[in-house]
Amino acid sequence: MTDTAPEHTASPEDEVWVQVGKYFGPRTGMVQSLSNLAGACFITVYFTFLDDVPKTRFNLIEDALISVILFLFLVLVGWVLYRRWYRDIAVYIKCKIRHRDIDAVLERRAQKKVLNVPVATSAVSMFNWTLAAVIVTVMNVLEPYEGIQDADLVMYSVKLFAGIIFGGLITSATIFFIMESFCRRHLHHFFPQGGLLQVKGVFRLNLRLRIMLTFVFASFIPITDVALVTYEKARMITVADPQEVLSSLGTIICFALLIDLSLAFLLSHLLAKIIVAPVTEMKEAMTRVERGDLHASVRVSDNNELGILGNHFNRMTEGLRDRYQIKKSLAMAREVQQDLLPRKSPDIEGLDIAGNIIYSDETGGDYFDYISPLNPQTPEIGVVVGDVSDHGIPSAILMASTRAFIRQRAALGGDLSTLVNDVNFQFTRDVEDSGRFMTLFFLSIDLTHETLTWVRAGHDAAMIYDPVLDTFDELKGEGVALGVEGEFQFNEYSRQGFGKGQVILMATDGLWEAVNHDGEMFGKQRILQMIRRNAHQSAQKIKRVILDRVQAFSRADVPEDDITLVVIKRT
């Protein structure tokens, strides 16, 4: 028995690249050859059977044989030129099929050339047509003839040369549009990550010019062609049989219309296909995005404005995915931060407390908390309100760390000023030279002795309302914001007397600095009036009235700055 090596099984990707190689090789040559053959047939039929200028020689078999030989020669010339130009693409495709490493230089050259395939094939075609025009015109001049004046020969030679060049222009333009339409099927293989529009040195035909060229080749040139033929035949009526001239004119017009309508249909179809196909793909992708599929993307295969639009669409969906992930992360961060805030107000006999925070972003730097007991030996409760500079994720992180500092330090006991001193020291170490800081107002309430004790660290003073005297006082005091000076020693302030019915408001500046559409600030006076009018209500009701009034004033679902307030009422 003879051992045989297992045959290599081509992967689906290999098969794809094999097909790509066939397309850019033999199939491209076939498209060029068939297009040029069609153009050559039309030109030959016109000058052989429909043109009225006397021929210097006319032998159907001989002319047909010469035309075939010339066509095959030009096909060979075009094939050689294209193969030499196409070499980088061929090497790139072979490396892909054989799984060889591709250096960056070869990849750039192949990508550049594959984008230039339409213009390269049309340029080769135009070169062949120009060469054919020169060869046929020279043959016409050198062929012996009898009975034809030099002027007629010159006119016919010029007309023959111009006619072949004209046919070459139309054929080359048609090849360009056909190849461009075919190429877009395979460009994504060379640009799996996109980036067609970033390749330099590439011929780009914008949509405006493309539509203009389609109009020229599909409408202007055919109309002009028929008009010139009609004018020429009209001139011959005076020197030739009118009936014969009209019959010849009808034949030529029918021939021209057949060619022109076919060309107009082909170019219009290609233009519509180039525009409609990517737009349809983008419409389908947009529908997927609308249904929630943020991984929807379009295959960018157009080297024009539609390609730019496709790139922007893909970047948009990529941005939406990133935004969705950010929103998801922020929602989780918001949930975590909400868990750090008091879930409910403390149930303490003699006190009615209600607090709330409204963040301007998913997360923020405002903070309030209830610390109980501050001192196990005394029936005190601490209420703290803070405001980290700025808002968002960084402020939320500092808020969380400050909460941990305060709670940990409060569990150790001691007076209020020492507690804030220690928290400030730790906070300053965290922010260092970042420029961030946090204002804080820490209030301790001793119901047994009806004493208020507080430390003010750069925060707005709490306000206390006495409904009996109908007066407002501020719990003032000196102190810098946390994070400004780590060694700063805070002072502790106190006030004797917190009688029944009195109301304390602790808040951040986002409450009274809320503005309406005219730029007017809400201000503290409106807040004081609402406290005075609703002092007989519960703390929860007072809090709700204030927040509702602020929201109605600003007419904004989300405030510009974080809003925090705590209402404390003595019952």
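Brief remarks on what is shown
- Highest average packing first - 208-216, 355-363, 497-505, 169-177, Cβ atoms within 10 Å: 169-177, 355-363, 497-505, 208-216
- Dipole size of the chain about its Cα centre, with +1 on Lys/Arg Cβ and -1 on Asp/Glu Cβ: approximately 1340 debye, rounded to the nearest 20.
- Debye log10 I(q)/I(0) at q = 0.15 Å⁻¹ for the stretch 205-340, Cα point scatterers: -0.85
- Screening the chain for whole DSSP H helices of 24 Å or more along their axis (Cα) with average Kyte-Doolittle hydropathy at least -1.0 returns 28-45, 60-97, 117-142, 150-183, 242-290, 305-340, 393-410.
- Overall Cα dimensions of the stretch 344-570 - principal axes, largest extent first, Å: 42, 42, 29
- Helix-only arithmetic for the chain: the sum of -39500 (n - 2.57) across DSSP H runs with n ≥ 4, divided by the residue total, places the mean residue ellipticity at 222 nm at -19000 deg cm²/dmol.
- Binned Cα-Cα distances of the stretch 503-543, short to long, each 10 Å bin given as a whole percent: 27, 50, 21, 2
- The Cα atoms of the chain cover 136, 82, 42 Å along the three principal axes, with the biggest extent listed first.
- Cleavage-rule hits, trypsin sites (Lys or Arg not before Pro), the stretch 290-326, DSSP coil, Cβ neighbours within 10 Å at most 14: 291
- Between residue 37 and residue 18, full extension at 0.36 nm per residue minus the direct alpha carbon distance yields a gain of 4.1 nm.
- Farthest toward positive dipole pole in the chain [+1 Lys/Arg, -1 Asp/Glu at C-beta], among 384, 104, 397: 104
- Spin-label pair residue 243-residue 101: with each label point 7 Å from Cα along the Cα-Cβ axis, the two points sit 8.4 nm from one another.
- Among 454, 17, 129, the order by Cβ neighbours within 10 angstrom, fewest to most, reads 17, 129, 454.
- Net lengthening on full extension, residue 361/residue 312 (0.36 nm per residue, minus Cα-Cα): 14.9 nm
- Charge-dipole axis of the stretch 205-340 as Lys and Arg at +1 and Asp and Glu at -1 on Cβ define it, positive-most pick from 223, 261, 279: 279
- For residue 556, the amide hydrogen comes within under 5 Å of no other amide hydrogen, counting only partners 5 or more places away or on other chains and with H modelled in the peptide plane.
- Panel order for 543, 569, by other beta carbons found within 10 Å of each beta carbon, from fewest to most: 543, 569.
- Computed over Cα pairs, the Kirkwood radius of the stretch 9-198 leads via Stokes-Einstein (1.306 mPa s, 10 °C) to a diffusion coefficient of 85 µm² per second.
- Environment charge at residue 341 (Cβ cut-off 13 Å; Lys +1, Arg +1, Asp -1, Glu -1): 0
- Solution diffusion estimate, µm²/s, Stokes-Einstein, the stretch 485-571, Kirkwood Rh from C-alpha pairs, 25 °C, viscosity 0.890 mPa s: 169 µm²/s
- Positive dipole terminus of the stretch 344-570, leading residue within 484, 355, 512 (C-beta point charges): 355
- Anisotropy class of the stretch 435-541 from Cα gyration tensor, a/c 1.5 cut: oblate
- With neighbours defined as other Cβ atoms within 10 Å of a residue's Cβ, the residues 190, 522 order from fewest to most as 522, 190.
Read-outs throughout are calculated quantities, based only on the coordinates presented, and are distinct from any laboratory measurement. The structure presented is a predicted model; accordingly, all values stated were derived computationally and were not measured. Counting neighbours? That spans all protein chains shown, and the Cβs are built from the backbone with ideal geometry, glycine included.
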